Amino acid sequence: MSFGKKTAGVLAITLTFGFLTALSASADDGKGKRLPSFTSAPSSALYKQECSSCHFLYQPWLLPERSWQAIMDESGKHFGENLGLDAETDKEIRAYLKANSSDKTAARWAQKITSSSEGMTPKKIMDVPWIKKEHREVGAGVFKRPSIGSPSNCGACHQKGAEGNFEEDFIKIPK
């Protein structure tokens, strides 16, 4: 079977593209499966109840385990507030955060969070180097808008953030 130069070139490009696509799809887990970017919304009713009554419900995979440990260790002065958690509630929330932290989650973004914060214990989501990098084009003044308030108000811009979806398709920066 003989091909013309044009057909052979198109075939070579198509095969190369297919190979590179397959290679990138399996690069995340080494087993041929592309890992999801994120995981679903938090599933613990207790975590939702206790942690969304005052602020955006942060996905546990947004911080490594050591960060959640440090935050929970300071629950008596949690960003200026005493959480007042009883021992059983504290224990259950800690276990949930530990099991679902970035270093225990297979999602690609969680892995990026874990690797970028290696050797650090960020206590704020926006202190994670990878997350800072992702927000580098957002000026400080944007976060000060009354419709946003601060960098910690993820739900102001990330329309599906409460569901665990921070994809760019679902970002709308309010005026």
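The values are calculated or read from the model by the stated rules, or taken from the named source; none is laboratory data. No experiment lies behind these values; they were computed from the predicted model shown. Here Cβ is always computed from backbone atoms with ideal geometry, including for glycine, and neighbour counts include all displayed protein chains.
A few remarks follow.
- Any hit, region 32-41, residues being surrounded by fewer than 11 Cβ atoms within 10 Å (Cβ to Cβ), more than 16 Å from the chain's Cα centre (by Cα), within 30 Å of Asp169 (Cα to Cα) and modelled with pLDDT of 85 or more: no
- Residue match in region 59-72 (condition: free of Cβ contacts under 8 Å to residues at least 12 places away in the same chain and either in contact with a strand residue (DSSP E or B) (Cβ under 9 Å, 6 or more places away or on another chain) or loosely packed, with under 14 Cβ neighbours inside 10 Å (or both)): no
- Index of the failed condition, Ala106 passing every other in (1) out of contact with any helix residue (DSSP H, G or I) (no Cβ under 9 Å at 6 or more places or on another chain); (2) touching a residue at least 40 places away in the same chain (Cβ under 8 Å); (3) under 23 Å from Ser75 (Cα atoms): (3)
- Of all residues in region 136-151 being surrounded by 15 or more Cβ atoms within 10 Å (Cβ to Cβ) and in contact with a helix residue (DSSP H, G or I) (Cβ under 7 Å, 6 or more places away or on another chain), the one that is modelled with the lowest pLDDT: Pro151
- Every listed requirement among (1) surrounded by 13 or more Cβ atoms within 10 Å (Cβ to Cβ); (2) closer than 24 Å to Ser43 by Cβ; (3) modelled with pLDDT of 95 or more is met by Glu88 save one, (1).
- Restricting attention to region 52-92, the residues being assigned to a loop (DSSP other than H, G, I, E, B) and within 22 Å of the chain's Cα centre (by Cα) number 11.
- Per this entry, Asp86 is counted among residues that are more than 19 Å from Phe56 (Cα to Cα) and either without any contact (Cβ under 8 Å) to a residue 40 or more places away in the chain or in contact with a Lys or Arg (Cβ under 6 Å, 6 or more places away or on another chain) (or both).
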